[in-house]
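Accompanying notes for the structure given below.
Values quoted throughout were computed directly from the atomic coordinates according to the rules given, and no laboratory measurement underlies them. All of these numbers come straight from a predicted model, not from anything done at the bench. FYI the Cβ positions are ideal-geometry reconstructions off the backbone, even for glycines, and counts take in every protein chain you see.
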Amino acid sequence: METLSRGFQSYVLSVPLIGGIVLLFVSGKFQISWWEILLFMTLIGTASMLPIPDPRGGYITATGTLFYVLMSVHGPVASLVIAGSAYGAGAAVSRGWYPWRTIFNGAQMGASVGLAGLVFQLLGGFTGDLSWQRFLVPFVAASLVHQASNNFFVAFYFSQLRRAPLLSTWITDIGDFLWSNLLTLPTAALLTILYVTVHPLTLLLYLGSLPLQRRALLLYLQQRRLHNQAIDALTVAIDADFPQGRGHSRRVADTAMTIAREMKIPEVEIEAIELGSLLHDVGIIGLEDSVKTGTPEAQDDVTRFREHVTIGADIVRALPRRAIWEIVLYHHERYDGRGYPSGKSGNEIPLPARIVAVAEVFESMLAGGFPYNERGRSFGEAVAGIQGESGSAFDPQVVQAFTRTVDLGTIGASREGSRSR
Amino acid sequence: MSDQSIAFSNEGSARAYAVLTVVIACGASILAYPKGVPWSPDFSDLTLLVLYALGRWIRMGVEPSGHVTLSPLVLFTSVLIGRPQVAVLSAALVPILVTRYVSRRKWNEALAEAGEEALASALFVFLMVVTQVVPNDPRWIVFPVAVVAYVLVKLAVDGGFAFLSAGVRLSSSLATGATYVLLHHLFLAVAALGVSLLFSKVGFLVVPLAAIALIEFYYPGKLISEQREVSFASLSMIAQAIDAKDPYTAMHSRNVSEISVRIARSMRLSEVDVRKLRIGGLLHDIGKIGVSGQIIRKPAGLTTNEQLAMREHPVVSANIMKPVELLAEAAELVRHHHEHYDGSGYPDGLSGKAIPLGSRIILVADAYDAMTTDRPYRKGRSREEALAVLREHAGRQFDVNVVAALEEVLEFF
């Protein structure tokens, strides 16, 4: 804390100061009863201490919802004072008492919520007329202003603290938090309506639901962890049985995902491509040891080895994503139709399988061993090997995307990273 | 060998049942359609239709069978705010599309669910409209009655489907899932009542706000429900990967899991125990992951060391499962799944009731599936032959009650 620049210190001090001045100037009367103040203070304080895990990562708190009720019902001045002090107090209790940080946090939140209340009033927002023109539209606009202002304060804080560029940080933050902010609006608007038309204490119902949500999400994350562990364990088992050894499946997955991202495939599909590539050789577990270790010489063994795609497809059929099954079954098909198991050609082969085919062969060439030479090819030779088979073994579009990622260095970089592991 | 799958498949009768439900539901919807009530469709009706579909998207599985969604909230609300037509139309048209193409259930399931929803909704709307209940009406008593009728129809139709497709008895689905389903719908009914009251004070605005707020609230439940299915699918994938070491047992673990679950249901075990058995049956051989494929496939004449390796696998399986939170509860069953009733089994030589009931069930299911499967050195036995062997060894190797339960299960199929 000694290292903070003077400019930063004055920024941290100026935010509460400006808040105080605004408060003096507005000097509107509080039209809010003491017990409502107490209600909001308690709720906001409690909510800021109850972080809820966000399935997409990180934590969210429910304070935003309460701020929107507060600013629309009680106007800017009450919002500034209540939101600021309650949020500061909550932060102090849950994250420790650092005077400068607590005061800054409280003040910036108070200012943002107050500003939102001001915007709500300026746009003609009025909770006595709960129509969409006089309530919902100002409500949504005010929430966006609150978010933008809150993101600005935080971005400014970090731009001073870590010398991050202000404008780009701010814009990225707005984009990142926009969706979760919009999702709080229906609940916040409904709670406001209940607050006004039924009773303020209806807010307690909402507070009561938070631990339920928290528990449900924690359970979900736990289950997802288990699932990932199971897949990891299986991947290790597959690679243990395979000549190209440890990490092969993971490397194929990384390469396939890089190509898929380059081809602008939606993130949901990429998730399936990742799982499909991790499991592409799962059928090898079912093969006899003679088939999978040695170089197959007898025709019987080749035929048997080729069965790993159908055995594998049977195994992954239970998974809910069809793309995973397609990858396992079709990753040895060739674009010209001379592959196995069904001899499909061109676009008959599902795109995810065409992508994994490139990634698989590329990784196998680098690793060496059956069916390539013992030592493995160099990076340049492997790239040339893939490009040489464009249109015959591989889909030219996939090879183009692959070439672009090589030119950009994304595949080369991820290769080096995975190899050193 | 892979078509040598589970002995119970009633796809046909389940499909026939599903189609029949849909046909009856179509008739009921046409009968219940409130022709007498004036209606000019507007933007609000479209909103209700969309909200109904969104509510349907929040789909949570219920043990032992069936599911709940949030669309009843929109259904109840639509009728309470005087738009019964859109309620009938959404219930008849939306579920089949959402269940098949968004939730991606099998056709059988999608049909049965759509029929169930349309039939129950038709009854609900009929009861409400024929008695002309409007909000603030003293005859409100009809609303709870109609809600309960709606739930009962759903439970009955779903119970029938669960019996035909998964062998779940109506008594066991009523005993466990039904309470939850009833409470869920009562909660939605109270919420719908609240929304319709707010509607009369504030206007249509509250309907989408409340529906979306509730959908958000339930969203984690949907995530959990889906993740549970995915987790189970990946466990069964691992089990099958192990089975693949021996091509003659490709479906063995899945079969053992399925047979154990059916025996457990026939013996009226609690759903908690059924869940343990489902996982235990699936992973009972996971310890074989370390045993070489050559020993597993060997027809006969294992050396002493090989025998030791094989006999170790229940302990290895249990030890693999114990540290994993969600599998630990089934580890005990897996450890003892080779104990014999007379104490001659391994690893601990337990006997009689000292062996966990779940382990005794897995032992019978394991033996039955192994006997009925073809092997390189012999053809699989018929159902009757296998049962005769089990009966012969009942009391010594197997628990008499479990064998009797298996016989009962097989009678249905």
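Descriptive notes on the structure:
- Ranking of A:Ser48, B:Ser13 by count of other Cβ atoms within 10 Å, fewest first: B:Ser13, A:Ser48
- Computed log10 I(q)/I(0) for the stretch B:223-269 at 0.18, 0.27 Å⁻¹: -0.66, -0.91, from the Debye equation with unit scatterers placed on every C-alpha and solvent omitted.
- Other protein chain C-beta atoms within 10 Å of residue C-beta, averaged over B:225-234: 6.
- Within 10 Å of the Cβ of each residue in A:222-233, the mean number of Cβ atoms contributed by other protein chains is 5.
- Distant-in-sequence amide H partners of B:His67 (H built 1.01 Å from N, under 5 Å): B:Val62
- Sorted ascending by nearby beta carbons within 10 Å, beginning with the fewest, B:Arg335, B:Arg104, B:Arg278 become B:Arg104, B:Arg278, B:Arg335.
- Positive dipole terminus of the protein assembly as shown, leading residue within A:Leu80, B:Leu223, B:Pro323 (C-beta point charges): A:Leu80
- Across peptide A:191-200, the average count of Cβ atoms from other chains found within 10 Å of a residue's Cβ is 3.
- Shown for B:Tyr180, A:Tyr87, B:Tyr33, A:Tyr59: other C-beta atoms within 10 Å of each C-beta, ranked fewest to most, produce the order A:Tyr59, B:Tyr180, B:Tyr33, A:Tyr87.
- Over all other residues within a Cβ to Cβ distance under 13 Å of B:Pro356, the charged ones net out to -2, with Lys and Arg as +1 and Asp and Glu as -1.
- Karplus 3J(HN,Hα) series, Hz, for the stretch B:277-283 with 6.51 cos²θ - 1.76 cosθ + 1.60 (x for Gly, Pro): 5, 4, 6, x, x, 5, 9
- Neighbour net charge for B:Gly159 - beta-carbon separation under 11 angstrom, K R +1, D E -1: 0
- Protection proxy ranking of B:93-101, B:259-267, A:66-74 - average other beta-carbon atoms within 10 Å, highest first: A:66-74, B:259-267, B:93-101
- Lysine pairs meeting the criterion (Cα under 26 Å, 8 or more apart or interchain), as found in chain B: 19
- The ratio of the alpha-carbon radius of gyration of chain B to the globular-protein estimate 2.2 N^0.38 Å is 1.17.
- Net charge contributed by nearby residues that have their C-beta within less than 12 Å of A:Val268 (K/R +1, D/E -1): -3
- For the protein assembly as shown, the equivalent ellipsoid built from the Cα gyration tensor has semi-axes of 52, 39, 26 Å, listed from largest to smallest.
- Within the stretch B:303-413: Cβ-based charge dipole about Cα centre, in debye rounded to nearest 20 (Lys, Arg +1; Asp, Glu -1): 260
- Normalised by the number of residues in the stretch B:61-206, the average gap of Cα pairs under 8 Å and 6 or more apart makes the relative contact order 33 percent.
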